[in-house]
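In what follows, a structure is listed as structure tokens, so that the remarks can point back to it.
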Amino acid sequence: HDFLVQEKASKLLTRAIRVQIKYVLRHTQKLRANQVEFLPLVSASLKNALNIQVRVMQLAPHPFLGAWAHIDSACLVSFLHDTMTDMHISVGDALFFEDEPGTSMFFV
């Protein structure tokens, strides 16, 4: 808090920083692939298979995507491979802004 006062951070920015810090302190962070020490030793095809499996499991609860996975899993896997990327954001980060043209779809 003293640092934010010293640097004359706005009230809104100070609040956003506090919310983010409280969230991080309360929640255990999930391990990301780049934090797994031995994952670089695994072949690209196995890393890709793991990535696809994780994505399918994350999206399966969605009614449309879950049904797609049951009907034509190969097509869904191809779609995921060609279109999805990971984006790591923190609580309080802006994902999009009102009135900004949409160019992406986000699964949070």
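The values are calculated or read from the model by the stated rules, or taken from the named source; none is laboratory data. Being a predicted model, the structure only gives us computed values, none of them experimental. In this analysis, Cβ positions are derived from the backbone assuming ideal geometry, glycine residues included, and neighbour counts consider all displayed protein chains. These area figures cover heavy atoms from the full protein model, side chains too; ligands, DNA and RNA do not enter into them. Shrake-Rupley method; radii C 1.70, N 1.55, O 1.52, S 1.80 Å.
Can you tell me how many residues in the stretch 1-21 are more than 17 Å from the chain's Cα centre (by Cα), surrounded by 10 or more Cβ atoms within 10 Å (Cβ to Cβ) and in a helix (DSSP H, G or I)? Walk me through it before giving the result.
First, the residues of the stretch 1-21 that are more than 17 Å from the chain's Cα centre (by Cα): 1-19, 21.
Retained after the next criterion (residues that are surrounded by 10 or more Cβ atoms within 10 Å (Cβ to Cβ)): 4, 9, 13-19, 21.
Pick out the ones that are also in a helix (DSSP H, G or I) and you get 4, 13-19, 21.
Qualifying residue count, the stretch 1-21: 9.
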- Query: When you scan the stretch 58-93, how many residues do you find that are open to solvent by 60 Å² or more (accessible area, probe 1.4 Å), under 30 Å from ILE17 (Cβ atoms) and in a loop (DSSP other than H, G, I, E, B)?
  - Reply: 7
- Take the stretch 22-51 and flag every residue that is among the aliphatic types (A, V, I, L, M), open to solvent by less than 100 Å² (accessible area, probe 1.4 Å) and modelled with pLDDT under 85. VAL24, ALA33, VAL36, LEU39
